[in-house]
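What follows is a set of notes on a single structure, which appears directly below.
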Amino acid sequence: MNIRQLLDDRITAALHTLGAPDTVTAIVKPSARPEFGDYQANGVMAAAKQLKTNPRELATRLLEVLDLSDLADKLEVAGPGFINIHLKNTWLSETVGRASARQLTPNSQTIVVDYSGPNLAKEMHVGHLRSTIIGDAVARVLEFQGHKVIRQNHVGDWGTQFGMLIAHMVSLKAHSGELSMQLADLETFYREAKKRFDDEPDFADAARDYVVKLQSGDAECLGLWQQFIDTSLRHCEEVYARLGVHLTRADVMPESAYNADLANIVSELQEKGLLVEDQGAQCAFLDEFKNKDGSITPIIVQKTGGGYLYATTDLAALRYRSGVLNIDRALYFTDARQALHFQQVFLLARKAGFVREDISLEHMPFGNMLGADGKPFKTRSGGTVKLVDLLVEAEERAFILVTDKNPELGEAERHDIARTVGIGAVKYADLSKNRNSDYIFNWETMLSFEGNTAPYLQYAYARIKSIFRRSGVDAEAISSPISLQESAERTLAMKLLQFTEATDSVVKEGLPNHLCTYLYELAGNFMSFYEACPILKEGVAEEVRSSRLQLANLTAQTLQTGLGLLGIGVLERM
Ligand code: ARG
């Protein structure tokens, strides 16, 4: 249940009965202060302007036709024409008990979520973290809402680098016969191949030959390439497993898969008159990409010499997603540097008719992960940090913390806890920031048990679980009514009911930080409630205790569900 939406729908309808045009809506928002009620409708002023009437008068007439008596016990006009809505305690207490966290939208969409997409020539590095976890969280929330999500891992497995890698494989094979050992460390393998490419002209020539051979379907080349790709994908899968990210082989739709379609893409663009030849390259010059000096940044779809580009592949991918996958919406999670690329391919795909008109194409850009110095995150010596190393370090650091806090737990259990806390902390630190900005990666803050962090939320969950262990009550078996007497109880219930508002806004804008903020506030509301409203203390009446236990249980469930949607686990104890 989305209360905000419900109120918005009903007040909007009432405004329309008073003659307000269709474009006018109620603009309902949670109130900024308790004296303004729980929600506020701000749409009356705009409606009055349209109707050329006094806003306060319109607000008063609105209250005459608006019937919210089932859920609100007080509606009042405030200021120039705001409507303050005070929800009924009885309605809140009945609804919070019934509202299950799971809600399926009947008219679900088919949505491609394009995320992770590492280049397979190298191992995954920290630069792939953001796309992988932000995309995964949004995909989970969309699925939770009942949409059909098609994950597309658009990995880079095609292009000139692979000629170099094949050349290195061939020469190693000639010398030692056994490749799998060398491929175990892809980073070193890549570095060696690159060095030879730069230093040895014969090697570089061979590498260029292998690219041509690969692209013309030479069986031996394809075999070596496949072996490399398999190894690289296994590396990715290890990282996904460690991160708890829902990406499998079945979600991999690599660049190479579109290879056979690229010539068609170019010839169709030509037929439609969208291309011109510029210094031997095939380019689209769209007026929409005119720069200040009057020049246009072209979209190059074929290089001099015939090679295709990143944009060509994305055009083919768009056509596939529209025509074959039949999607309603596609979300692309890449860093902000690709913003122009996506604007260009989206527009060109539309002009060429490669995608149905009603499809929504959305680039969801993100900023950089920075080191303490405010510069892009690097190793001490200035190299790129392998993602797997970062994750191992997260678990090690969490293990020290857990051991410090709970020295009495067995080592295996401490390792389990450390994994959930360490990985959760890394993911949450990223997801809780608005993805559009850069952020500074900081181990101390992300692993802190205080503040807006994963350990804080996991700890709140574990604390509730411990209340239940001490109470001896089975959380699921309580069915007595919830009553909201204390203001802390009411605040907590209200927050519990706003879960859907948080998840709705995550999927609308592709911003998981909305859900993080919600969970952080929920945990804070719970802590205040727990301080003000004793549960297990002697003297607490039986029905008060069971009402409070239910609020506690609903909080735990909501924390678990919410963290789960962010791809973060909870712990029974920590
Ligand atoms: N491989 C690309 C990169 O590393 C990301 C792919 C994003 N998806 C896409 N359809 N272009 O930057």
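Quick note: the coordinates plus some simple rules give every number you see, no bench work behind them. None of the values given here were measured: they were computed from a predicted structure. In this analysis, Cβ positions are derived from the backbone assuming ideal geometry, glycine residues included, and neighbour counts consider all displayed protein chains.
Measuring r between the beta carbons of A260 and E178 and using R0 = 30 Å, the FRET efficiency lands at 0.35.
Residues with amide H under 5 Å of R151's amide H, sequence separation 5 or more or different chain, H placed in the peptide plane at 1.01 Å from N; which? The answer is V113. Each residue of segment 340-354 was assigned a 3J(HN,Hα) from its phi angle through the Karplus expression (A = 6.51, B = -1.76, C = 1.60, θ = phi - 60°), giving 5, 3, 6, 4, 5, 5, 4, 5, 5, 4, 5, 4, 7, x, 6 Hz with x at Gly and Pro.
Compute and list, largest first, the equivalent-ellipsoid semi-axes of segment 298-407 from the alpha carbon gyration tensor, each √(5λ) rounded to a whole angstrom.
40, 19, 12
Considering only Cα-Cα distances, which of the following residue pairs are longer than 32 Å: K74/K433; K292/K375; K195/K272; K405/K495? Check vs 32 Å cut-off fails for K74/K433; K195/K272.
Using the Cβ-Cβ distance between R208 and L325 with R0 set to 35 Å, the FRET efficiency from 1/(1 + (r/R0)^6) comes to roughly 0.50. Measuring max minus min along each principal axis, the C-alpha atoms of the chain give extents of 85, 70, 41 Å (largest first).
Residue separation times 0.36 nm, minus the C-alpha to C-alpha distance between E476 and T297: what's the value?
Extra length available between E476 and T297 comes to 58.4 nm.
By the helix-only formula, in which each DSSP H run with n ≥ 4 contributes -39500 (n - 2.57) and the sum is divided by residues, the chain has a 222 nm mean residue ellipticity of -17000 deg cm²/dmol. For V392 and V276, a Förster radius of 56 Å and the Cβ-Cβ distance give a FRET efficiency of 0.65, rounded to the nearest 0.05. In percent, rounded to a whole number, the relative contact order of the chain is 14, using alpha-carbon pairs under 8 Å and six or more apart.
Excluding the sites themselves, what is the longest stretch of the chain that contains no GluC sites (Glu not before Pro) in a DSSP loop with at most 12 other C-beta atoms within 10 Å? Mind showing how you got there, number by number?
Working: sites that count: E178, E357, E408, E450, E538, E572.
It works out to 179-356.
Distance between the modelled labels on E538 and E450, one decimal in nanometres: 3.3 nm (7 Å Cα→Cβ projection). Taking 7 Å steps out from each Cα toward its Cβ at D199 and S437 produces label points 4.6 nm apart. Convex hull volume per residue, computed on the Cα atoms of segment 190-316, equals 194 Å³. Distance between the C-alpha centres of segment 289-321 and segment 160-221: 28 Å, rounded to the whole angstrom. One way to sum up the overall shape of segment 243-379 is the equivalent ellipsoid from its Cα gyration tensor, whose semi-axes run 27, 21, 16 Å, largest first.
Multiplying the residue separation of E192 and L370 by 0.36 nm and subtracting their alpha-carbon distance yields 61.3 nm.
Among A219, A284, Q498, whose Cα sits farthest toward the positive end of the charge dipole of the chain (+1 at Cβ of Lys/Arg, -1 at Cβ of Asp/Glu, about the Cα centre)? Of A219, A284, Q498, it is Q498.
For segment 253-291, the residues whose backbone nitrogen is under 13 Å from a point 7 Å from the Cα of L222, taken along Cα to Cβ, are 257, 259-260.
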